[in-house]
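Asker: After the structure tokens below, expect a handful of questions from me.
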Amino acid sequence: MTWPTAETHAPPATAAGRGTRRGLPQWPGFKALMERPSWHRGRIVAGCAAAVALFIGGHAFIPNTPGQIGSLVETFLPWTGLLVLPLLVAAGVRRSWTALVATLLPVAVWLAMFGGTAFSAAGSGPYDVRVVTHNINAENPDPSGTAQSLLASKADIVALQEIPSGESGRYGTVLDDAYEYHVAEGTVALWSRYPIENVSAVDVGMGWTRAIRAEIRTPKGELAVYVAHLASVRFGPSGFGVASRDDTIRRLAAAVDRDDSDNIVLMGDLNGTVDDRGLEPLTDGLTDAQEAAGGGFGFTWPSSLPMAAIDHVMVRGVDTVSAKVLPKTSSDHRPVSADLKF
């Protein structure tokens, strides 16, 4: 047996440049890299930050072919702010002032576009008519509970979409007691405290009634009310399918443009956000209530974790006092409420 000596406890020799000192790697050039001023590092991260800022601010220039990429980005445009988080992490890892300062650029662009919306509160004040719209989901497991939730909004006019054929009565069982007037055509329906007149279907090219127009005589004036459920978008091998949706938008917009009524309200599931270029035929002539007087982004779908505002109240000729997304029901969408004033 040989007792250990001092020499046996000495650390093994290392190849030149391959050992460690104070826990840091001693690779060739590593020390020089870490000792350079931090302004000299992070140029790649800074370049990525500039690209993200351009991506957010220049979304309108993203081509819609192939795959309707532009509409897809614009549908979830507020969420592009999350792209800043990995940039901040990368700037921290690189210990780079250059990267950190550059990361402020997409932050500034996002805040310029969405800061007012993100930190806004819903308007308030006297109103003449309160309207509510809700895609109730054809497979809603609790029609009665959903209708009761809508009653709690104290709306004067309620518009529903995606009602299965012949099943409006399942909601009417609850709503008819509170609303004297009611009309249902196809998969859309309307309940009102005030008389409903001159109801007609609006052809949006779906082959069955998915939109109607009605005139409602309120104590303050007459409203031309449109209720619509436009074609859905689809994800598939060819990308973000919006062709059918865009066609229904153009047809509905043409009907609204021809309408010479002084006061118009459009309510429904339009399957698009106001940032989506596909909605421009409607947003060019109508004002979105959530944009005008809502609090926050007004996300309505999916109801469990809303990520996009695709359910809308849009107006022409009347002012929006307040707008908000109502609490979750048994549907996969959340209802939207708006207070309007003549």
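Asker: Could you check, for the range 308-323, whether at least one of its residues is among the charged types (D, E, K, R), assigned by TED's automatic domain parsing to the domain that holds Asp269 and within 14 Å of Ala159 (Cβ to Cβ)?
Answerer: Taking every residue of the range 308-323 in turn, at least one turns out to be among the charged types (D, E, K, R), assigned by TED's automatic domain parsing to the domain that holds Asp269 and within 14 Å of Ala159 (Cβ to Cβ).
Asker: Hey, can you tell me all the residues within the range 192-207 that are under 20 Å from Leu270 (Cβ atoms), of a type outside the set (Ser, Thr, Tyr) and not in a loop (DSSP other than H, G, I, E, B)?
Answerer: Ala201
Asker: What is the number of the single condition among (1) in contact with a Pro (Cβ under 7 Å, 6 or more places away or on another chain); (2) surrounded by 20 or more Cβ atoms within 10 Å (Cβ to Cβ); (3) under 21 Å from Tyr179 (Cβ atoms); (4) aliphatic (A, V, I, L, M) that Ile249 does not meet?
Answerer: Exception for Ile249: condition (3).
Asker: Which number in (1) surrounded by 23 or more Cβ atoms within 10 Å (Cβ to Cβ); (2) over 21 Å from Thr187 (Cβ atoms) marks the one condition that Asp262 misses?
Answerer: That leaves (1) as the condition not met.
Asker: Could you tell me which of the residues Thr103, Thr173, Thr146 is in a helix (DSSP H, G or I), among the polar types (S, T, N, Q) and over 26 Å from the mean Cα position of the chain (by Cα)? Write out each step before concluding.
Answerer: Values: Thr103 fails: over 26 Å from the mean Cα position of the chain (by Cα); Thr146 fails: over 26 Å from the mean Cα position of the chain (by Cα).
Every option except Thr173 fails the conditions.
Asker: Quick check on my filter: what residues within the range 180-205 are surrounded by fewer than 20 Cβ atoms within 10 Å (Cβ to Cβ) and hydroxyl-bearing (Ser, Thr, Tyr)?
Answerer: Passing the criteria: Tyr181, Tyr194, Ser200.
Condition check ((1) over 22 Å from Gly317 (Cβ atoms); (2) without any contact (Cβ under 8 Å) to a residue 24 or more places away in the chain; (3) not assigned by TED's automatic domain parsing to the domain that holds Asp311) across all residues:
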{"residue": "Leu160", "(1), (2), (3)": "yes, no, no"}
{"residue": "Ala178", "(1), (2), (3)": "yes, no, no"}
{"residue": "Val202", "(1), (2), (3)": "no, no, no"}
{"residue": "Trp208", "(1), (2), (3)": "yes, yes, no"}
{"residue": "Lys220", "(1), (2), (3)": "no, no, no"}
{"residue": "Leu223", "(1), (2), (3)": "no, no, no"}
{"residue": "Gly241", "(1), (2), (3)": "yes, no, no"}
{"residue": "Asp247", "(1), (2), (3)": "yes, no, no"}
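Asker: Next question, about the same structure. For Leu190, work out the one condition from (1) within 23 Å of Thr320 (Cβ to Cβ); (2) touching a Leu at 6+ places or on another chain (Cβ under 6 Å) it doesn't fulfil.
Answerer: (2)
Asker: Just need a number here: residues in the range 62-100 that are part of a helix (DSSP H, G or I), surrounded by fewer than 19 Cβ atoms within 10 Å (Cβ to Cβ) and either more than 18 Å from the chain's Cα centre (by Cα) or among the hydroxyl-bearing types (Ser, Thr, Tyr) (or both).
Answerer: So the count comes out to 8.
Asker: Given the structure, is Gly298 under 23 Å from Ala224 (Cα atoms), touching a helix residue (DSSP H, G or I) at 6+ places or on another chain (Cβ under 7 Å) and either surrounded by fewer than 21 Cβ atoms within 10 Å (Cβ to Cβ) or not assigned by TED's automatic domain parsing to the domain that holds Gln68 (or both)?
Answerer: Taking the combined requirement at face value, the residue does not satisfy it.
Asker: Among the residues of the range 133-150, how many are in contact with a Pro (Cβ under 8 Å, 6 or more places away or on another chain), touching a residue at least 60 places away in the same chain (Cβ under 8 Å) and of a type in the set (Gly, Ala, Ser)?
Answerer: Just the residues of the range 133-150 that are in contact with a Pro (Cβ under 8 Å, 6 or more places away or on another chain), to begin with: 133-134, 136, 138, 149-150.
This time we only want the ones that are touching a residue at least 60 places away in the same chain (Cβ under 8 Å), so: 133-134, 136, 149-150.
Cutting the leftovers down to of a type in the set (Gly, Ala, Ser) gives us 149.
Of the residues in the range 133-150, 1 are in contact with a Pro (Cβ under 8 Å, 6 or more places away or on another chain), touching a residue at least 60 places away in the same chain (Cβ under 8 Å) and of a type in the set (Gly, Ala, Ser).
Asker: OK, next. Quick one: Val256 ticks every box in (1) among the hydrophobic types (A, V, I, L, M, F, W, C); (2) within 24 Å of Glu139 (Cβ to Cβ); (3) surrounded by 16 or more Cβ atoms within 10 Å (Cβ to Cβ) except a single one, so which number is it?
Answerer: Going through the list (1) among the hydrophobic types (A, V, I, L, M, F, W, C); (2) within 24 Å of Glu139 (Cβ to Cβ); (3) surrounded by 16 or more Cβ atoms within 10 Å (Cβ to Cβ), Val256 breaks only (2).
Asker: Give the range 246-269 a look and list any residue that's assigned to a helix (DSSP H, G or I), touching a strand residue (DSSP E or B) at 6+ places or on another chain (Cβ under 9 Å) and of a type in the set (Val, Ile, Thr), or say none.
Answerer: Quick first cut of the range 246-269, residues assigned to a helix (DSSP H, G or I) only: 246-258.
Subset that is touching a strand residue (DSSP E or B) at 6+ places or on another chain (Cβ under 9 Å): 248, 251-252, 255-256.
The answer is Thr248, Val256.
Asker: To continue, here is another question. Working only within the range 40-61, note down all residues that are in contact (Cβ under 8 Å) with a residue 60 or more places away in the chain and either part of a helix (DSSP H, G or I) or surrounded by fewer than 20 Cβ atoms within 10 Å (Cβ to Cβ) (or both).
Answerer: Hits for the range 40-61 are His59, Ala60.
Asker: Taking the range 219-245, which residues are in a strand (DSSP E or B) and more than 23 Å from the chain's Cα centre (by Cα)?
Answerer: Matches in the range 219-245: Gly221, Glu222, Leu223, Ala224, Val225.
The values are calculated or read from the model by the stated rules, or taken from the named source; none is laboratory data. Values in this document were obtained by computation on a predicted structure and should not be read as measured data. FYI the Cβ positions are ideal-geometry reconstructions off the backbone, even for glycines, and counts take in every protein chain you see.
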